[in-house]
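J.: First the structure, then my questions, so here it is.
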Amino acid sequence: MPVSESHILVVSPIRPRHMDELAAKYILHRWDQAADKDAFLANIADRITALVSTAGVGVPSDLIEKLPNLKVITSFGVGYDAIDIAACTARGIRVSNTPDVLNDDVADTAIMLLLATLRNLVVGDQWARSGQWSENGAMALTTSARGKKLGIVGLGRIGQAIASRAVPMGMEIGYFGRNQKPVDYHYDADLIKLADWADVLMISCPGGAATKDMINADVLKALGRRGYVVNIARGSVIDEPALIAALKDGVIAGAGLDVFHNEPHMDRGFAKCANVVLYPHHASGTVETRDAMAQMVVDNLQSWFASGKLISSVN
Ligand code: NAP
C-alpha cells in the first residue's frame, strides 16, 4: 500500500524500477495507459497534485488546465520546451527537471558525433564492411579535429562540458549566447559572425520559441563549405529544410545530428545525405545516466512532499 495519499498523474513514465518506487509511495494514475483519456481524467482530476512526465513528451497545455489542484510537475530530462512554463508559473505550479547528471553522456555524444562526422565514421564502416576496402583500397582522406575552431551555440552546463573535452583535443573554442560568460573562450554576440569564425558549429542551447530555426540558411552560408554542424540540443533550433539543402548542395561539409523536428518521424531527406551522421536522440541514453535522471524525479517528488521544495526547479 502506498505510504502517502498523494495522487500523481503519469503522463510519461520514467525507468521501471523508479516507477515501482513511486508506486510504493504514492497513488499513481496512468494517464499514459488510458484509452479514453478524458473519461479517465473525469474521475480523478480534482485529486491530482503532482504530475510526472519526460522531456520528449512534455505536458499538453490543455491537460494542465484540466487539473485544478496541480501543484508540481517533475520532468525527466533537462529541456522543458514541451511544457508551458509561463502558464505553470501563472498558476503557481512548480516545475522540476534533471540537469547536470546527464552532462557527461551528452557531451560525450557531442564529441562522438563531431569526430564521426569529420572522420567519416559511417562511410568508413561501410567501406570496410562492404568489401570496398579490399576491392578499391583506402577510402578518401578526412578532416582533423585538432587545430579547428569549435563555435558553441549555448555555453551552458552541457556546452561547457563539450568545451572541456574539445580543448585537450586541440580545438579552439568560441561561443554565442545571450550573455558573455567568465571564461577565456572567444565570445561573439553575433551568431553569423561566430558561424563565419567556426569550423564546427556545436548547438547546445535550449529549444523553444526563442531559438526556433536560429540555425538558418544565412548561418549555414556563413559557416561555409568546409564547415560542420553538430546538434545535440533540439531539432527546432535548426531550419531543417535549409540544413538538408545545405548538405545536398555543398553549402556546408557535413552534420552530426542527435535531434530532429517531429521525432521520431525524422525527415527522410537526411537519410539520403552521405555527409551526415545520425543518432536517434540518444545522447543521454545510457543505463547509468537514465537511472540517475529517474532518481532525480523520485528525489524531487520526495523533497516536494516532505518540504514543499524542489531540488532542481525550473520556475
Ligand atoms: P543550460 O545550462 O541552461 O545552458 C543553456 C545555454 O544556452 C546557456 O548557456 C544559455 O546562455 C544559452 N541560451 C539560452 N537561451 C538562448 C538563446 N535564446 N540564444 C542563444 N543561447 C541561449 O542547459 P543545459 O543543461 O546545458 O542543456 C542545454 C539543452 O540541451 C537543453 O535545453 C536541452 O534542450 C538539450 N539537451 C539535449 C539532450 C539530448 O539528449 N540530445 C540531453 C540533454 C539536454 P545565455 O543565458 O548566455 O544565453
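J.: May I ask you to work out the translational diffusion coefficient for the range 103-278 at 20 °C, viscosity 1.002 mPa s, via Stokes-Einstein with Rh from the Kirkwood sum over Cα pairs, reported in whole µm²/s?
T.: Calculated translational D: 132 µm²/s.
J.: While we're here: Can you figure out the FRET efficiency of LYS66 with LEU278, using R₀ = 25 Å and their beta-carbon distance, to the nearest 0.05?
T.: E between LYS66 and LEU278, to the nearest 0.05, is 0.10.
J.: Okay, next question. Largest first and in whole Å, what are the equivalent-ellipsoid semi-axes of the chain based on the Cα gyration tensor, each being the root of 5 times an eigenvalue?
T.: Taking √(5λ) for each Cα gyration eigenvalue gives 40, 21, 18 Å.
J.: Starting from the Cα-Cα distance between ALA138 and ASP46, subtract it from 0.36 nm times their residue separation and give me the gain in nm to one decimal.
T.: Working it through step by step, the gained length comes to 26.4 nm.
J.: Putting +1 on Lys and Arg Cβ atoms and -1 on Asp and Glu Cβ atoms, find which of GLN180, THR289, ILE244 reaches farthest to the positive end of the dipole of the range 172-315.
T.: ILE244
J.: How far, in nm, would the chain grow between LYS37 and ALA217 when pulled straight, counting 0.36 nm per residue and subtracting the alpha carbon separation?
T.: Extra length available between LYS37 and ALA217 comes to 60.7 nm.
J.: A follow-up question, please. Please work out the FRET efficiency for the pair LEU115 and ASN315, using the Cβ-Cβ distance as r and a Förster radius of 51 Å; give the result to the nearest 0.05.
T.: Taking R0 as 51 Å, the efficiency between LEU115 and ASN315 is 0.85.
J.: Can you tell me which of GLY56, GLY156, GLY124 moves the most in a GNM of the chain? Springs connect C-alpha atoms under 10 Å apart.
T.: Ranking GLY56, GLY156, GLY124 by mean-square fluctuation puts GLY124 first.
J.: While we're on this one: Can you give me the angle between helix 16-25 and the longest principal axis of the chain, using Cα atoms only, in degrees from 0 to 90, rounded to the nearest 10?
T.: 20
J.: As a test of the formula, what do you get for the chain when each DSSP H run with n ≥ 4 contributes -39,500 (n - 2.57) and the sum is divided by the residue count, at 222 nm and rounded to the nearest 500 deg cm²/dmol?
T.: So the helix-based figure for the chain works out to -10500 deg cm²/dmol.
J.: So which residue, out of ASN103, ASN43, ASN136, gets the largest mean-square fluctuation from a GNM of the chain using Cα contacts under 10 Å as springs?
T.: Top of the fluctuation ranking is ASN136.
J.: If I model a spin label as a point 7 Å beyond the Cα along the Cα-Cβ vector, how far apart are those points for ASN179 and ARG268 in nm?
T.: So the label points at ASN179 and ARG268 sit 4.6 nm apart.
J.: Take HIS261 and ILE192, extend 7 Å from each Cα along the Cα→Cβ direction, and tell me the distance between the two endpoints in nm.
T.: Using points 7 Å along Cα→Cβ, the separation is 2.2 nm.
J.: Got a sec? How would HIS281, HIS265 order by Cβ neighbour count within 10 Å, fewest to most?
T.: Least to most surrounded, the residues fall as HIS265, HIS281.
Each value in this text was obtained by applying a stated rule to the coordinates, not by laboratory testing. Computed from a prediction, not measured in an experiment: that's the story for all the values here. Neighbour counts run over all protein chains shown; Cβ positions are idealised from the backbone, glycine included.
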